Amino acid sequence: MTTVRISERTRLTLRALARERGESSQAITDQAVELFRRQSMLDRANEGFAAVHADPTAWAAEQAERAMWDGTLDDGLEEE
C-alpha cells in the first residue's frame with residue numbers, strides 16, 4: 001500500500017463520498033483515478049481530431065477515407 005498526500009478539502013470530500021456511497025475511500029479513489037484516466041484519453045483523442053480538422057489537407061484526406069468506408073455500408077446485408 002502506498003501513502004498519497006492530499007489536501008484537507010480533498011480528504012473531507014473523499015470521506016463524504018465514501019460515506020454517501022457506502023464504499024471505502026480506497027474504492028472511491030480507484031474509481032476517480034480510472035475516470036480521470038478515461039477522460040484524459042478522450043481529451044487527447046479530441047485534441048488530435050481538432051488538429052486534423054484544422055489542417056485542410058489532413059481534413060480532406062479524412063473526408064476521402066470516410067467516403068471510401070461509406071461504400072462498405074452498401075454491402076447488401078440487412079441490419080441486425
* So how far apart, in nm, are the two label points at L42 and W59 if each is 7 Å from Cα heading toward Cβ? -> 2.4 nm
* **Ranked by how many other beta carbons lie within 10 Å on average, peptides 18-25, 34-41 from highest** => 18-25, 34-41
* **Hydrodynamic radius of the chain per Kirkwood, over alpha carbon pairs, in Å** => 17.1 Å
* From the residues L12, A58, G48, which one has its Cα farthest along the dipole of the chain in the positive direction, the dipole being from +1 and -1 charges on Cβ of Lys/Arg and Asp/Glu about the Cα centre? -> L12
* To do: On a 0 to 90° scale, report how tilted helix 8-21 is relative to the longest principal axis of the chain, with both axes built from alpha carbons and the result rounded to the nearest 10.
  => 80 degrees
* Structure fact -> Diffing the stretch 52-65: the Karplus 3J(HN,Hα) column from phi (6.51, -1.76, 1.60, θ = phi - 60°), in whole Hz with x for Gly and Pro, holds 5, 5, 7, 9, x, 5, 5, 5, 4, 5, 4, 5, 5, 5
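Laboratory data are not the source of any read-out in this text; all were calculated from the coordinates shown. This one's a predicted model, so the numbers in the text were calculated from it and none came from an experiment. Backbone-built Cβ (ideal geometry, glycine too); neighbour counts: all protein chains shown.
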